[in-house]
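The values are calculated or read from the model by the stated rules, or taken from the named source; none is laboratory data. Just so you know, these numbers come straight off a predicted model, no measurement behind them. Here the Cβ is made from the backbone with ideal geometry for all residues, glycine too, and neighbour counts use every protein chain on show. What goes into the accessible areas is simple: the full protein's heavy atoms, side chains included, and nothing from ligands, DNA or RNA. Shrake-Rupley method; radii C 1.70, N 1.55, O 1.52, S 1.80 Å.
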Amino acid sequence: ENSCVKPDETFDTNLYEDKKDQAPYLLSRRKFTWIMWHQQLQWQTHFEAVRRGVFFLQNISLSSGDGFGLTIREKLCRLTSPPAFVVYPRLIEVDAAPFLRNMHNAASGSRGYYEDVTLLKSNRDYQTGDSFKKINWRLLARQDQMQVNIYETILPRASFFILDAGSFQKRQIDPVTEKEVISSHETEFEDMLSLMGSLFLALKDQEMGCGLALPDVGEKKGELIPPALGDLQVNLLLSALAGIQYAGEPTFMNETEILSGRENWGQMYLCVRSLESCTCKRLLDNLDGACLTVITTRKEDEAVDAVHRKLWTQRLKGGEGA
């Protein structure tokens, strides 16, 4: 429906109307001439990614007949293992450092790890370049030995992203009919998905697990993916972003479910177009700035709520990072 992929040039693609009461849809055909009944045919074809989206090739239609097209029979074949084409959001370079600094209010170390100063692991002799904060001063005063403390290295808490799709709703008056037209801020919506998908990859490289909450859009149910590590998790998150479509429909976010599991989500990020258009008011009211950061696609003139920390992003153009 969203034409996220298209076959190669060997296919003829045009609009096809199956029934008068149904909207026409794109149909791609490829012809093979003079294939006899006792012969088999095998070929390969390539699909090109056009835009973000998901396409399921569930069935194909085969038609055959004489070379003049006088006697044609057609059969619908449902595929036993239908392939799915998933086109991810546009990926860009992003700086994950601000997201690492939020974890536990501690400075991040190598690959997102940090040392818990409450868990002493061992000691070793002082080496040039060691931080003076790690020197065991009691041991130095008692035995006149310069040693540093080695603490347990642990992973930071996970990151959980909440997409407020409803905040990207666009309302305007049609100058001809003078009626209200509801659509979406498509460019800013795609920019946000691009930023989120890129952060999933960047944080995965820093060994930080990510989760995602998508709202119900119209009749399509949303998703809630708990934070986890690994390539499979990132593919799951990117596929979820690829599948969401928003054109101004009503949305519903299960804020009760999110709030009930907030101890397991880690640092939470609410992704909205602006605080003014935010539809997740309950999250803003029940979560303070210590565990919730608001990410917007446009900078506010004034800070709407001083309690919440804001990470402003600029319009993403030409593959530039945010």
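Maximal additional length on extending the Gln40-Glu207 stretch stands at 55.2 nm, based on 0.36 nm per residue less the C-alpha distance. With r defined as the distance between the Cβ atoms of Ile173 and Phe85 and R0 fixed at 30 Å, what FRET efficiency is calculated, to the nearest 0.05? After rounding, the FRET efficiency stands at 0.20.
Sorting the segments 226-235, 196-205 by their mean number of nearby beta carbons within 10 angstrom, highest to lowest, gives 196-205, 226-235.
Computed from backbone phi with θ = phi - 60° and the Karplus coefficients 6.51, -1.76 and 1.60, the 3J(HN,Hα) list for segment 22-30 is 10, 5, x, 9, 6, 10, 10, 10, 9 Hz; x is used for glycine and proline. Phi-derived couplings, Karplus 6.51 cos²θ - 1.76 cosθ + 1.60 at θ = phi - 60°, listed residue by residue for segment 38-55: 9, 9, 10, 10, 9, 8, 10, 9, 10, 10, 9, 6, 9, 7, 4, x, 10, 10 Hz, with x used for Gly and Pro.
Each peptide in 165-178, 272-285, 206-219 gets a packing score, the mean of other Cβ atoms within 10 Å over its residues, and the list from highest to lowest is 206-219, 272-285, 165-178.
Scalar couplings 3J(HN,Hα) for segment 185-200, obtained by applying the Karplus form with A = 6.51, B = -1.76, C = 1.60 to θ = phi - 60°, are 7, 4, 4, 5, 5, 5, 4, 5, 4, 5, 5, 5, x, 5, 5, 4 Hz; x denotes Gly and Pro. If the chain linking Lys220 and Asn264 were pulled fully straight, counting 0.36 nm for each residue of separation and taking away their Cα-Cα distance, it would gain 13.3 nm. Heavy-atom surface analysis with a 1.4 Å probe gives segment 176-295 a carbon and sulfur content of 49 percent of its accessible area. The simple spin-label model puts a point 7 Å past each Cα toward its Cβ; for Asp125 and Asp95 those points are separated by 4.0 nm.
Label sites at Phe11 and Asn286, each approximated as a point 7 angstrom past Cα along Cα to Cβ, lie 4.5 nm apart.
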